[in-house]
Amino acid sequence: MSASLATRRFVAAFLAAGALVGAAALPATADDHRRDRDHRAPHSSIVISDVQYGTAGRDRSDRALNREWVEVKNTGRKSVNLRGFTLSDRQGNRYRFEDFRLDGQSSVKVHTGQGRDTRRDVYQDRRHQIWDERDTATLRDNRGNVLDTDSWNGRRHHRNG
């Protein structure tokens, strides 16, 4: 009977220790998940796929401003409504998408100047350059979660996302 009692005590102690370890790990896991949700969106099919920054100069025509753009791509199969998504630069300039549906496996160029929005091109309607030789583009979803970032330094282009 003492061998059986000793075995039961051992099993009980083992299970209790496992429960304590599991309980201690739970808050950390929940906290990590909350932090990820607050600051970083789960893997998204909406990404920054390419950037064409402007060159310093006095030409502020729409033609010159529209030569700078950031391309946003939907790498997924399903279309996504980008309403409320934002694209911003290091200086805090921000473009907010209106009701715009981006089909799966397609992209849209966000131009700086003025123009007529289409399925492939949208315009910020600005009168000055946004994307500099050394800048960072940040794409956020409609909840403010960062989906992707892209940085460049003159000729050197660096993907962060």
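The values are calculated or read from the model by the stated rules, or taken from the named source; none is laboratory data. For clarity, every value in this text was computed on a predicted model and none was experimentally measured. Cβ placement follows ideal geometry from the backbone for every residue including glycine, while neighbour counts extend to all protein chains displayed. Surface areas here come from the heavy atoms of the whole protein model, side chains and all, with no ligands, DNA or RNA. Shrake-Rupley method; radii C 1.70, N 1.55, O 1.52, S 1.80 Å.
Test each condition in (1) assigned to a strand (DSSP E or B); (2) open to solvent by less than 20 Å² (accessible area, probe 1.4 Å); (3) among the hydrophobic types (A, V, I, L, M, F, W, C) for Val47 and report the one that comes out false.
The single condition Val47 does not satisfy is (2).
Consider the stretch 88-104. How many of its residues are more than 17 Å from the chain's Cα centre (by Cα) and polar (S, T, N, Q)?
Residues meeting the conditions: 1.
I'm trying to understand the selection: among the residues of the stretch 86-98, which are of a type outside the set (Ser, Thr, Tyr) and open to solvent by 20 Å² or more (accessible area, probe 1.4 Å)? Working first, answer last.
Step one: filter the stretch 86-98 for residues of a type outside the set (Ser, Thr, Tyr), giving 87, 89-94, 96-98.
Correct list: Arg90, Gln91, Gly92, Asn93, Arg94, Arg96, Glu98.
Ala56 - would you say it is surrounded by 13 or more Cβ atoms within 10 Å (Cβ to Cβ), modelled with pLDDT under 95, within 27 Å of Asn153 (Cα to Cα) and of a type in the set (Gly, Ala, Ser)? Reasoning before the result, please.
Numbers: surrounded by 13 or more Cβ atoms within 10 Å (Cβ to Cβ): no; modelled with pLDDT under 95: yes; within 27 Å of Asn153 (Cα to Cα): yes; of a type in the set (Gly, Ala, Ser): yes.
No; evaluated as a whole, the condition is false for this residue.
Within the stretch 99-158, which residues are within 18 Å of Asp89 (Cα to Cα), open to solvent by 20 Å² or more (accessible area, probe 1.4 Å) and among the acidic types (Asp, Glu)?
Selection gives Asp125, Asp132, Glu133, Asp141.
Among the strands (runs of 3 or more DSSP E) lying completely within the stretch 73-161, list those that include at least 3 residues that are at pLDDT 95 or above. Lay out the reasoning, then the answer.
Numbers: elements: 86-88, 94-96, 106-111, 121-123, 134-140, 146-153, 156-159.
Strands (runs of 3 or more DSSP E) meeting the threshold: 86-88, 94-96, 106-111, 121-123, 134-140, 146-153.
Working carefully through the options Ala24, Ala64, find the one that is within 22 Å of Asp132 (Cβ to Cβ) and modelled with pLDDT under 95.
On the way: Ala24 fails: within 22 Å of Asp132 (Cβ to Cβ).
None of the other options fit; the residue is Ala64.
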